[in-house]
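Here's the structure we're looking at; comments come further down.
The values are calculated or read from the model by the stated rules, or taken from the named source; none is laboratory data. The structure displayed is predicted, hence computed values, not measured ones. Neighbour counts run over all protein chains shown; Cβ positions are idealised from the backbone, glycine included.
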Amino acid sequence: MPLPAAQFHDLRDRRVLITGGGTGIGAALVDGFVRQGAQVAFVDIDAATSLELVDRLSVETGYRPLFIHADLRDIDAVRRAVETVAATLGALHVLVNNAARDDRQQLEDVTEESWDESQAVNLRHLFFMSQAVAPHMRQAGGGSIINFSSIAFLLNMAEIPAYATAKAGIVGLTKSLAGKLGPDNIRVNAILPGMIVTERQKKLWLDETAIAAMLDKQCLKRSLTADDLVGPCLYLASNCSMGMTAQTMIIDGGAL
Ligand SMILES: NC(=O)c1ccc[n+]([C@@H]2O[C@H](COP(=O)([O-])OP(=O)(O)OC[C@H]3O[C@@H](n4cnc5c(N)ncnc54)[C@H](O)[C@@H]3O)[C@@H](O)[C@H]2O)c1
């Protein structure tokens, strides 16, 4: 199903930073913000795929998003990325904290190291990204931070104890940051996707049986794709949602 070509005119020239923008939902978001005429930067650990995206968008739209190759588990690299974006594009208006890695693990196999690794890749950088962008958003007169959580933490899924904990933590983080940053006109909201059929999901976890089981739960009887997240994210970034902060938006085809 093609995306409706909605334009959020206030997003033109807005400076936007997206984490994990190289593939999956993040790549659809980079594409979506570029097509709004925003100035887009993204961070990813996967340089090859990210540079392919930059080249494709450059050919298709004439705009080259700024790609920063960094590992978000490294908090110094997180801070450097924000400073690079601010120095190159100017003070940021929008941060989309999207990067994550939904590794499966059995209860008995979780170690202290694997637990900390999961929180580092799925939770910690969202706080430090937000901390680093807040002064730039204040300078810009306000901003919007959009944190990607997941409905997975509400589904009693046995094989993702650390990931589910991180995704639940993102909702708490969103509400705390919204309370702190609201007086500076910085809004903070979370998106909880349901089953989104991306290349990685198809390769690792989503066989026909898993897709059929989720479609059975959904009200909408089609698989959602990365494009289904673009409109909600643009809306949360735009002033169209200017009264909305500290909220969670569930995009799951009605699975919950
Ligand atoms: N796909 C789904 O079904 C689904 C469901 C619920 C929530 N989500 C959430 O949506 C967001 C995007 O998911 P996705 O399915 O597109 O994931 P994905 O794995 O396809 O993409 C994640 C991106 O983040 C990057 N990344 C991972 N670790 C990184 C690191 N340490 N440093 C820098 N970049 C890193 C990856 O290279 C990749 O480009 C995630 O927060 C995920 O938890 C996805």
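Among residues of the range 10-38 being away from the ligand (no atom under 16 Å from the Cβ) and of a type in the set (D, E, K, R), the one that is nearest to residue 130 (Cα to Cα) is 15. Can you confirm whether residue 99 is assigned to a loop (DSSP other than H, G, I, E, B) and within 16 Å of the ligand (Cβ to nearest atom)? In short, yes. Looking at 186, 170, 211, just one residue is within 16 Å of the chain's Cα centre (by Cα) and of a type outside the set (D, E, K, R), and that residue is 170.
Give the residue, chosen from 124, 73, that is under 18 Å from the mean Cα position of the chain (by Cα) and either part of a loop (DSSP other than H, G, I, E, B) or modelled with pLDDT under 95 (or both). Result of the check over 124, 73: 73. Of the helices (runs of 4 or more DSSP H) that lie entirely inside the range 141-256, those containing 2 or more residues that are out of contact with any Leu (no Cβ under 9 Å at 6 or more places or on another chain) and farther than 21 Å from residue 28 by Cα span 161-181, 208-217. Of the set (1) modelled with pLDDT of 95 or more; (2) more than 12 Å from the ligand (Cβ to nearest atom), all apply to residue 208 but (1).
Once the range 39-65 is narrowed to residues that are outside any helix (DSSP H, G or I) and crowded, with 17+ Cβ neighbours inside 10 Å, the residue that is farthest from the ligand (Cβ to nearest atom) is 39. Here the condition is being within 16 Å of the ligand (Cβ to nearest atom), crowded, with 16+ Cβ neighbours inside 10 Å and either within 21 Å of residue 229 (Cα to Cα) or of a type in the set (A, V, I, L, M, F, W, C) (or both); of 140, 178, 164, 91, it holds for 164 alone.
Here 10, 31 are screened, and the one residue that is at pLDDT 95 or above and touching a helix residue (DSSP H, G or I) at 6+ places or on another chain (Cβ under 6 Å) is 10.
The rows are residues; the columns are (1) over 16 Å from the mean Cα position of the chain (by Cα); (2) touching a residue at least 12 places away in the same chain (Cβ under 8 Å).
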{"residue": "180", "(1), (2)": "yes, no"}
{"residue": "190", "(1), (2)": "no, yes"}
{"residue": "197", "(1), (2)": "no, yes"}
{"residue": "229", "(1), (2)": "no, yes"}
{"residue": "241", "(1), (2)": "yes, yes"}
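Residues in the range 181-197 that are under 19 Å from residue 251 (Cα atoms) and either surrounded by fewer than 19 Cβ atoms within 10 Å (Cβ to Cβ) or in contact with a Lys or Arg (Cβ under 7 Å, 6 or more places away or on another chain) (or both): 197 alone. Every listed requirement among (1) aliphatic (A, V, I, L, M); (2) within 23 Å of residue 168 (Cα to Cα); (3) within 16 Å of the ligand (Cβ to nearest atom) is met by residue 246 save one, (3). Tell me, yes or no, whether the range 16-24 has at least one residue that is more than 13 Å from the chain's Cα centre (by Cα) and in contact (Cβ under 8 Å) with a residue 40 or more places away in the chain. Within the range 16-24 (the criterion being more than 13 Å from the chain's Cα centre (by Cα) and in contact (Cβ under 8 Å) with a residue 40 or more places away in the chain), the answer is no, since none of the residues qualifies.
Among the residues of the range 152-171, is any within 17 Å of residue 94 (Cα to Cα), in contact (Cβ under 8 Å) with a residue 60 or more places away in the chain and among the small types (Gly, Ala, Ser)? Scanning the range 152-171, I find no residue that is within 17 Å of residue 94 (Cα to Cα), in contact (Cβ under 8 Å) with a residue 60 or more places away in the chain and among the small types (Gly, Ala, Ser), so the answer is no. Of all residues in the range 69-88, those being more than 16 Å from the ligand (Cβ to nearest atom) and of a type outside the set (A, V, I, L, M) number 2.
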